[in-house]
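Trainee: I have a structure here, written as structure tokens, and I will follow up with some questions on it.
Every number in this text was worked out from the coordinates using simple rules, so none of it is lab data. For clarity, every value in this text was computed on a predicted model and none was experimentally measured. In this analysis, Cβ positions are derived from the backbone assuming ideal geometry, glycine residues included, and neighbour counts consider all displayed protein chains.
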Amino acid sequence: MLLSQRRRLFLFTQMAAVGLALVACNEQSAQKKAGADAKPEVSAVTLHPQSVTITAEVPGRTAASLIAEVRPQVGGIIRARNFREGSEVNAGDVLYEIDPSAYQAAFDSAVAGLQRAEGAVPSAQAKVDRYQGLTSQSVVSKQDLDDALSTLAQARADVASAKAALETARINLDYTRIRAPISGRIDASSVTVGALVTAEQTTALATINQLDPINVDATQSSANLLAVRRAISEGRIKIVGNNVSVNLRLEDGSKYPLPGTFEFSTAAVSQTLGTVTARATFPNPDRLLLPGMYVRATIEEGIAPNSFLVPQRAVTRDAKGQPLALFVSSDGKVQRRTLSVQRSVGNSWLVAEGITDGDRVIVEGLQRVRDGQDVKVDDVVIDDATGQINQAADTSAAPVKEAANTPVSK
């Protein structure tokens, strides 16, 4: 009796253990099946062709558009200084006054000399007229007439010489008032009132810098210049218009509010640095830019039509350093592609080949997927300025837009 109860208890225990094992197996199978059926979620950006503005950000220095060194053209004692150092002056303003006493006397003497020379002309002319009438009557010899004509010519030459001397005296007298040759900001004066200056001395009295407009001399490597010209010749970049726009970023990282105009680039490459210098001109009404400031100039090189901007966060590199990206096909599968990256534009890579309109590139979840895997896609957009990911409102018909003027990292 007792043995029969023990057998039934043993059989019940074995059946319960088998049942629990079956339940556990079923749960594991269900979990594996659920895991196999679940698709990993990724975020993707839909790409559309754009006309991308190609720019180059290069270092540069500001320089005054005009520089004039003020020097005396006559010697003398400085009697007055008529400007405030560091102020703005206009062309023609009297900056210094030299004691004009000696030059005024020379001018007055030249005036008297002209009057004396002009006084001799009427007498010589009358003598010539009289001798011409008497010569026809054989009263005066022809030699006397020739002497009278020579005297008249000499008198007229004396008048011309006196006029030239008077003009020279007037110029020297005017030079005693030293004027500003250009408009601009004048620096410190090297002389004070009472100082003796000489004509065309080597030391400038002051220097005037014209700051509006102001020049920016930027340097660019010759290799980058060749790359741009090759892209233009191959049709990958198109030049639009003759006025090339240039923008500045200042030393503190702020953007200069006024755009400039590209003027020219040098025709020779620096033998020591391998660079080419380009000059741009910027309006500077507030005198914010001063000569010698370090800036970064963004120069428009052209337009790349029908190009794609792939977010940099979507691009990785393989063992050979080739850029790779994962795309989502129309049937929801992951596709691995090797890209031909030309350059960076803001927070994106410029790609001209290998992408078609409407392709979706994965920007989040790259580590959770592999080539050929089915995925669930969440459409997003990326802010070009900050690189931040935002939810896409409607990616079914994204318009073709003109790319913003963004710096280029080369």
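Trainee: Taking θ as phi - 60°, what are the ³J(HN,Hα) couplings along the range 270-276 by the Karplus curve (6.51, -1.76, 1.60), each to the nearest whole Hz, with x for Gly and Pro?
Mentor: Once θ is set to phi - 60°, the couplings for the range 270-276 become 4, 6, 8, 10, x, 10, 10 Hz.
Trainee: Which net charge results when you count Lys and Arg as +1 and Asp and Glu as -1 among the other residues whose beta-carbon is under 14 Å from that of GLY253?
Mentor: 0
Trainee: A further question on this structure: Quickly work out the ARG368-to-ALA38 label distance, labels modelled 7 Å from Cα along the C-beta direction, and quote it in nm with one decimal.
Mentor: Taking the two extended label points, one gets 0.9 nm.
Trainee: Let me ask something additional. Report P(r) for the range 101-175: all Cα-Cα distances, bin width 5 Å, range 0 to the bin holding the largest distance, values in whole percent.
Mentor: 3, 18, 18, 15, 12, 10, 8, 6, 5, 3, 1, 0
Trainee: With a cut-off of 14 Å, note down the residues of the range 65-85 whose backbone N falls inside the zone around a label point 7 Å from the Cα of ALA188 toward its beta carbon.
Mentor: Backbone N within reach: 85.
Trainee: Order 122-131, 44-53 from most to least packed using the mean count of other Cβ atoms within 10 Å.
Mentor: Packing order, densest peptide first, comes out as 44-53, 122-131.
Trainee: While we're on this one: Express in nm, to one decimal, how much length is gained between LYS163 and ILE77 on full extension, taking 0.36 nm for each residue of separation and deducting their alpha carbon distance.
Mentor: 28.2 nm
Trainee: Same structure, new question: For the peptides 172-178, 145-151, what is the packing order when you average, over each peptide's residues, the other Cβ atoms within 10 Å and list the highest mean first?
Mentor: With the highest mean Cβ count within 10 Å placed first, the list reads 172-178, 145-151.
Trainee: Here's something else I'd like to know. Sequence neighbours fewer than 8 away in the same chain don't count; with that in mind, list the aspartates and glutamates whose C-alpha is under 19 Å from LYS333.
Mentor: Once the sequence-local aspartates and glutamates are set aside, what remains near LYS333 is ASP37, GLU41, ASP357, ASP359, GLU364, ASP371, ASP374, ASP378, ASP379.
Trainee: Would you kindly state how much longer the chain becomes between THR198 and SER51 on full extension, computed as 0.36 nm times their sequence separation minus their alpha carbon distance, in nm to one decimal?
Mentor: Full extension of this stretch gives 46.6 nm more.
Trainee: What residues qualify as long-range amide H neighbours of GLU41, i.e. H under 5 Å apart, gap of 5 or more or another chain, H built at 1.01 Å from N?
Mentor: The list, which skips near neighbours in sequence, is LYS376.
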